[in-house]
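Enquirer: Below you will find the structure I want to go over with you.
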């Protein structure tokens, strides 16, 4: 019964979304206040109905209702409760319902917290947001209905993909979708502004918090996915340039560019056209990511579905919204005339450079991701674009971005001097050089790669540059004013420093990791780097819904035991699928990462060991970037749109 009610609620939400699309947009065009007023209650009702439908589906998973086809395919009665819950979105249909739930949540949030917006703009934003929801409600109901029943329910289910039965993957999709779908608000604001025929400083102020929120959630989602891939897949890396990884990374890059560009619109009323274009493209690339994951055109361990028909439907949504918005963008070019002027050396110019580098980075990732598909479609050639291409093409661009960022952040608006800015940052530059030279001397003396210190210099430059910028903002007051700085300034410093820490972590890991693969025998220690590894024993283990082979390994250094590690190989009998559970000893400056392999004829076992310097810094930097975003969002200037002009009630007339 609850399942049927959830299905019915989903259909009602679809109908409400249609009403919310048509009535407010017509009302805004005609200036009919009563029609525009429909948008806010409709947005709230649409969210509540979708939330009920999602809760009904989750209830079916929690109670193991195997009369529901989706539960049979993605759950099992013996599965731990956490993975029964996460099974709700660990599949195509359920994840699309989560997608729409978040979409309606953002629309309802715009209705709840958008009271400072002019009525016509608010009505258009909510109308465009509902139009996106209409498309995805139709997609779910017509191609991906999660509430289909089975005539003859089986005794038990087929279980969730074992790779998804992990805490990291339980929380990764919700955060990622909050980022993906959150960019729909920037898109709705952009299209609404084009319909309104006005893009000004107030618009830049309104769109920034929504973009920042989406960027923060996307940062957390990407970091969780990277962390999961690192410890769960057993290959020892944090990023493989997998097509689905890239699908989330491209919107992140464009959202970062949009954030910086919106600052210029707000402060100087320039770069309007570019900012609107970025808002359209950021959400467009989120739709491209949805297409990649669900079309079956590109294979990935992360892919949800392998159905070209569904892919065509999503491609139609992508073409309609992104193509339609770009046509509207071309038609409204006249309303985006820049007002502010600035010199070549200025904060505006630095932000333009920032935007160009981020956009080029996104384009490189897009080409590398899609080129194998295009080559096969148009040239009948099977190609593989892997990490070497991305490392060569992407890394230099991002290093330049990191090098430019601290200087650009302290340049004044309109006109500045490079020499003066460099003098202000000389202490940060000296500290970054000392840090990188120290790592270079260590690398040369130990026979390690001398390339890593380049990335470490840029990372240290970002960290010390962010701290210096904070200090410069205190003026002559010094430390007394430091704690009284606006939260947005602290958030910006934390985010930039977090990026620098991630740079240092990536440089250390890629440049200095040590790998060892061998057949290890019980009780026979061997050396890996400065550590001694000894296989003690290998035993069988019965888990709640898996069977495991577990190794016990002693990790020592200088003759002293520092950790006991227990890597596992698991078999999930229901899904008949193996997984690798790495054992990791994490310390401040390094990880020791151990994977147990297959037994050998001589009685030994294959053991793979890595020494990974500074690995934890990668995710520490990501956490710091997300924290910086949250701190900025808590700034009152983000919560209250200063400069939001209340439109007099006479601006709207009653509908006849």
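Enquirer: Being without any contact (Cβ under 8 Å) to a residue 24 or more places away in the chain, part of a helix (DSSP H, G or I) and exposed (fewer than 14 other Cβ atoms within 10 Å of the Cβ) is the filter here, so list the residues in the stretch 457-481 that pass it.
Expert: Within the stretch 457-481, 475, 476, 477, 479, 480, 481 qualify.
Enquirer: Still on this model: Of the residues in the stretch 169-205, how many are over 20 Å from the mean Cα position of the chain (by Cα) and in a helix (DSSP H, G or I)?
Expert: Within the stretch 169-205, residues that are over 20 Å from the mean Cα position of the chain (by Cα) and in a helix (DSSP H, G or I) number 13.
Enquirer: For residues that are under 36 Å from the mean Cα position of the chain (by Cα) and buried (at least 17 other Cβ atoms within 10 Å of the Cβ), tally how many sit in the stretch 522-547.
Expert: Count: 5.
Enquirer: Another question about this same structure. Can you tell me which residue in the stretch 265-284 is nearest to the chain's Cα centre (by Cα), limited to those that are part of a helix (DSSP H, G or I) and more than 26 Å from residue 131 (Cβ to Cβ)?
Expert: Among them, the one singled out is 266.
Enquirer: Next up: Would you point out which residue out of 591, 598 is modelled with pLDDT of 90 or more, outside any helix (DSSP H, G or I), closer than 27 Å to residue 175 by Cβ and in the same structural domain as residue 568 (by TED's automatic domain parsing)?
Expert: Just a single option satisfies the conditions, and that option is 591.
Enquirer: Next up: Got at least one residue in the stretch 178-191 being surrounded by fewer than 24 Cβ atoms within 10 Å (Cβ to Cβ) and within 23 Å of residue 295 (Cβ to Cβ)?
Expert: Yes: the stretch 178-191 contains one or more residues that are surrounded by fewer than 24 Cβ atoms within 10 Å (Cβ to Cβ) and within 23 Å of residue 295 (Cβ to Cβ).
Enquirer: Then there's this: Residue 271: crowded, with 24+ Cβ neighbours inside 10 Å and either in contact with a strand residue (DSSP E or B) (Cβ under 6 Å, 6 or more places away or on another chain) or more than 19 Å from residue 214 (Cα to Cα) (or both), yes or no?
Expert: Spelling it out, residue 271 is indeed crowded, with 24+ Cβ neighbours inside 10 Å and either in contact with a strand residue (DSSP E or B) (Cβ under 6 Å, 6 or more places away or on another chain) or more than 19 Å from residue 214 (Cα to Cα) (or both).
A quick yes/no check of all residues on (1) buried (at least 18 other Cβ atoms within 10 Å of the Cβ); (2) within 21 Å of residue 310 (Cα to Cα):
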site	(1), (2)
92	yes, yes
98	yes, yes
108	yes, no
116	no, no
121	yes, no
132	yes, yes
153	no, no
162	yes, no
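Quick grid of which residues meet (1) touching a residue at least 40 places away in the same chain (Cβ under 8 Å); (2) closer than 30 Å to residue 628 by Cα:
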position: 513; (1), (2): yes, yes
position: 519; (1), (2): yes, no
position: 533; (1), (2): yes, no
position: 553; (1), (2): yes, no
position: 568; (1), (2): no, no
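Enquirer: Evaluate the following for residue 608: is it in a strand (DSSP E or B), exposed (fewer than 14 other Cβ atoms within 10 Å of the Cβ) and at pLDDT 95 or above?
Expert: Taking the combined requirement at face value, the residue does not satisfy it.
Enquirer: In the stretch 446-455, is there at least one residue being modelled with pLDDT under 95 and farther than 22 Å from residue 392 by Cβ?
Expert: Among the residues of the stretch 446-455, at least one is modelled with pLDDT under 95 and farther than 22 Å from residue 392 by Cβ, which makes the answer yes.
The values are calculated or read from the model by the stated rules, or taken from the named source; none is laboratory data. Just so it is clear, the structure is predicted and the values come from calculations on it, not from any experiment. Glycine also receives a Cβ, built like all others from the backbone with ideal geometry; neighbour counts cover every protein chain displayed.
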